[in-house]
Amino acid sequence: MSSSFLPEQQNGPASAQLNGLVTPVVCYTKCMRNHASPFGRHNVDGCGEFMASGSDPMAALTCAACGCHRNYHLREITYEFYVLPPLPTVISLLNS
């Protein structure tokens, strides 16, 4: 088997996520849907943030503010980094 088909080792936020040190947070912000495309122009509605219309699966993908599908909204991913406290050393355990 060729080595090109084997998965490569990841050295970034994705590999740290496996260790539980980094958590991606996805946020859908402003709507990018072009409402004037049939007329050859560019006009967006100004919706600033995606808000789900309801709790059922189909309504959860529709914005309550502008009525667009979630895919029209700009997807922003931020990463939350967690710093683990240092482990106690053997010497500090013996002194206590």
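Values in this text are rule-based calculations from the coordinates and carry no lab data. Since this is a predicted model, take the numbers as computed values, not measurements. Backbone-built Cβ (ideal geometry, glycine too); neighbour counts: all protein chains shown.
Computed from backbone phi with θ = phi - 60° and the Karplus coefficients 6.51, -1.76 and 1.60, the 3J(HN,Hα) list for segment 41-58 is 10, 10, 8, 9, 7, x, 5, x, 7, 6, 10, 5, 6, x, 9, 6, x, 6 Hz; x is used for glycine and proline.
For Val44, what charge total do you get from the other residues with a beta carbon under 10 Å from its beta carbon, if Lys and Arg give +1 and Asp and Glu give -1? Residues near Val44 contribute +1 overall.
Net charge within 13 Å of Val25 by Cβ-Cβ distance, Lys/Arg positive one each and Asp/Glu negative one each, not counting Val25 itself?
Taking every Cβ under 13 Å from that of Val25, the sum is -1.
Using all pairs of distinct alpha-carbon atoms, the Kirkwood hydrodynamic radius of segment 20-95 works out to 15.7 angstrom.
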